[in-house]
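Here the structure is laid out as structure tokens; the discussion comes afterwards.
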Amino acid sequence: ENFILDRLKVYWKDQGFAFDHIQAVLSKGLSAPLWHLKQRLSALSEFLKDTKGHGTHLLGAYKRANNILTQSAGDKALPALQDKLLEASVELDLVKHLNATRAEVPNLLNTHAYGDVMHQLAKLRPLIDAYFEGVMINVDNPQLRDNRLATLDLFRTLLEEVADFSKLEG
């Protein structure tokens, strides 16, 4: 498998795909037929090249969430998200849309509608931006802080169903 993955990386690089995009899609190995992986790679690349900047802004939000989670939670398992601890309207909106998107993404992935997956993820961008602007994540209350970290983890996990966004540059 490693040999095939290495050859595939070179082949797709020669076809003009960015190496970090290839790494992000192949991070889970040969988890799907090659044709589906190529479709996923094409959709991810188009999403990140979007002239409206949806992809790059969402990537920036992912990196910000990932950094906060790495610094604040480390390897510690976070408790499950508790709706009763959501205070601000931006928290409620984000979690509502994350849950709705999380319900849609597996169906879209199963039907190989990778462009539609990217379109659904793009809808999260203004919500996560509002969340970062309107919510203090590292508060003194440990339950509230862990719940806010769990919200970021839900966001991160959702994006990682598509590709390993931590492998992407930019």
In region 8-65, the residues that are of a type in the set (A, V, I, L, M, F, W, C), more than 14 Å from the chain's Cα centre (by Cα) and more than 15 Å from Leu109 (Cβ to Cβ): Leu8, Val10, Trp12, Phe17, Ala18, Phe19, Ile22, Leu26, Leu30, Leu34
Just to be sure before I move on: is Ala73 under 15 Å from Asp153 (Cβ atoms) and of a type in the set (A, V, I, L, M, F, W, C) in the structure I sent? yes
Report yes if some residue within region 2-13 is closer than 30 Å to Leu94 by Cβ and touching a residue at least 12 places away in the same chain (Cβ under 8 Å); otherwise report no. no
Where the second residue is among the basic types (Lys, Arg) and the first is at negative phi and lies in region 128-150, which pairs have Cβ atoms under 7 Å and are six or more apart or on separate chains? Phe132/Arg64; Val135/Arg148; Ile137/Arg145; Ile137/Arg148; Asn138/Arg145; Val139/Arg145
Checking Asp116, Asp83, Asp129 in turn, the sole residue that is within 26 Å of Ser45 (Cα to Cα), open to solvent by 70 Å² or more (accessible area, probe 1.4 Å) and touching a helix residue (DSSP H, G or I) at 6+ places or on another chain (Cβ under 9 Å) turns out to be Asp116
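Can you tell me which of Ser27, Ser45 is in contact (Cβ under 8 Å) with a residue 40 or more places away in the chain and either touching a strand residue (DSSP E or B) at 6+ places or on another chain (Cβ under 6 Å) or farther than 14 Å from Phe155 by Cβ (or both)?
Details: Ser45 fails: in contact (Cβ under 8 Å) with a residue 40 or more places away in the chain.
So the residue among Ser27, Ser45 that is in contact (Cβ under 8 Å) with a residue 40 or more places away in the chain and either touching a strand residue (DSSP E or B) at 6+ places or on another chain (Cβ under 6 Å) or farther than 14 Å from Phe155 by Cβ (or both) is Ser27.
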Taking region 17-67 and the residues there that are surrounded by fewer than 17 Cβ atoms within 10 Å (Cβ to Cβ) and hydrophobic (A, V, I, L, M, F, W, C), the one that is farthest from Glu1 (Cα to Cα) would be Phe19
Output for region 101-113, where each listed residue is assigned to a helix (DSSP H, G or I) and either under 22 Å from Leu144 (Cα atoms) or touching a helix residue (DSSP H, G or I) at 6+ places or on another chain (Cβ under 9 Å) (or both): Thr101, Arg102, Glu104, Val105, Leu108, Leu109
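One line per residue, one yes/no per condition, for (1) closer than 30 Å to Pro142 by Cα; (2) in a helix (DSSP H, G or I); (3) at pLDDT 90 or above:
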position	(1), (2), (3)
His21	no, yes, yes
Val25	no, yes, yes
Ala32	no, no, no
Gln39	no, yes, yes
Ala43	no, yes, yes
Lys52	no, no, no
Ala65	yes, yes, yes
Thr70	yes, yes, yes
Ala77	yes, no, no
For region 140-170, the count of residues that are assigned to a loop (DSSP other than H, G, I, E, B) and closer than 18 Å to Ala77 by Cα equals 1
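The values are calculated or read from the model by the stated rules, or taken from the named source; none is laboratory data. This structure is a prediction, so every number in the text was calculated from the model and none was measured. Note that each Cβ is placed from the backbone with ideal geometry, even for glycine, and that neighbours are counted across all protein chains shown. Just the protein is used for accessible areas: all its heavy atoms, side chains included, with ligands, DNA and RNA removed. Shrake-Rupley method; radii C 1.70, N 1.55, O 1.52, S 1.80 Å.
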